[in-house]
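Structure record follows, encoded as structure tokens.
The values are calculated or read from the model by the stated rules, or taken from the named source; none is laboratory data. A quick note: this is a predicted structure, and the numbers were derived from the prediction, not measured. Here the Cβ positions follow ideal geometry from the backbone for every residue, glycine too, while neighbour counts run over all protein chains shown. Protein only, heavy atoms only, side chains kept; ligands, DNA and RNA dropped before computing areas. Shrake-Rupley method; radii C 1.70, N 1.55, O 1.52, S 1.80 Å.
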Amino acid sequence: MSQPAYIALTGGVGGAKLALGLQQVLAPDAISFIVNTADDFEHLGLPICPDIDTLLYTLSGEANTEVGWGRRGETWQFMAALERLGGETWFRLGDRDLAMHIRRRALLQAGETLTQVTAALAQAMGVAHAILPMSDAPVRTRIATQAGELAFQHYFVRDRCEPVVTRIRFDGSETATLPDQIAQRFADPHLAGIIICPSNPFVSVDPILAVPGLRDAMQRSGVPIVAVSPIVAGAAIKGPTAKMMRELNMPNDAVAVAKHYLGLVHGFVLDTQDAALAGPISALGLRTVVTPTVMVTLADRVHVAQQTLQFIKQFQ
């Protein structure tokens with residue numbers, strides 16, 4: 001008898017934390033990760049895929065846990081030399097990280113799709129679990145601010161999330177198509193559940209859901225869809241989620257995130273610090289489970305993964 005299979009939507013460091021926990025408890029053919037690519041951009045002539053690389057580094061044990069991004073054991077001679085030459089250094093590419101982007105460019109220029117390139121890079125790094133870009137066509141997050149519209153990495157890295165956000169759009173999403181590899185995962189008769197990782201709902205998960213056909217595929221699958229809250233006690237564990245919510249005139253709490261996903265998800269995973277919000281979220285028609293979700297150690301990541309999978313089984 002075939003084992004149940006799962007799909008996780010993920011982006012950024014928060015999503016990668018849960019992905020690592022899921023990797024520890026599920027075999028490679030039992031979980032697929034659909035990754036946000038709307039953060040991608042070209043920089044110094046190289047295709048940079050931050051969320052894909054965060055997941056590659058995390059699942060291969062190469063993540064730089066000291067700074068929370070990039071590759072462990074990194075050195076910075078390239079950036080130092082570039083700075084002396086007057087080049088752009090606001091987006092830091094380490095010497096080891098640089099190899100990833102150069103290899104990706106070579107494979108893309110050879111005619112491979114981003115899905116094929118990502119699979120090749122994962123294999124080279126010893127990652128057996130499927131990492132699937134949300135689209136092979138470019139989709140780019142654009143942040144409207146009071147100072148004008150910004151490319152996502154300009155807002156996020158160069159400007160350190162300081163501009164006030166007024167609107168978010170995903171350039172190219174209308175013409176993007178769902179890769180066959182993702183469509184096949186949703187059509188798997190053994191699919192038992194879909195997990196939305198604790199990633200930023202607005203700039204990590206919404207771009208994935210904006211790919212034509214993806215949301216429909218999730219709903220047609222007929223399996224439980226559960227989201228893990230990225231907000232704990234009114235704050236984001238990582239990134240600008242809470243700040244964005246305030247600027248978009250939303251309460252910066254888990255209830256607002258649950259409402260954001262209403263109509264798509266069936267269940268919501270809350271941190272114990274937000275146990276009092278289980279009632280309001282249940283009143284929305286969603287099942288809830290309350291458990292520690294702050295992931296500091298590997299054991300924390302495994303715990304959240306196990307609790308989320310057990311939660312999904314309650315729907316069956």
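Multiplying the residue separation of Arg246 and His190 by 0.36 nm and removing their Cα-Cα distance gives an extension gain of 16.2 nm. For the chain, the longest principal axis of the C-alpha atoms and the axis of helix 50-60 are separated by about 80°. Accessible area per residue for the chain, computed on protein heavy atoms with a 1.4 Å probe, is 43 Å². With helices as the sole contributors, the chain gives -10000 deg cm²/dmol at 222 nm; each DSSP H run of n ≥ 4 counts as -39500 (n - 2.57), and the sum is divided by every residue. Peptide packing for 52-60, 144-152 was compared via the average number of neighbouring C-beta atoms within 10 Å per residue; ordered from the highest value, the list is 52-60, 144-152. For segment 211-316, with all protein chains in place and a probe radius of 1.4 Å, 52% of the accessible heavy-atom surface sits on carbon or sulfur. Computed across segment 118-256, the Kirkwood radius stands at 16.7 Å (inverse of mean 1/r, all Cα pairs). Considering only Ser135, Ser229, Ser282, the Gaussian network model of the chain with Cα springs below 10 Å gives its largest mean-square fluctuation to Ser282. Distance from the Cα centroid of segment 242-294 to that of segment 152-203 is 19 Å (rounded to whole angstrom).
The magnitude of the dipole of the chain, with charges of +1 and -1 set on the Cβ of Lys/Arg and Asp/Glu and taken from the Cα centre, is near 360 debye.
Considering only Leu85, Ala276, Ala192, and ranking their Cα positions along the charge dipole of the chain that arises from unit charges at the beta-carbon of Lys, Arg, Asp and Glu, the one farthest toward the positive end is Ala276. For segment 23-97, the fraction of 1.4 Å probe accessible surface lying on carbon and sulfur atoms is 48 percent.
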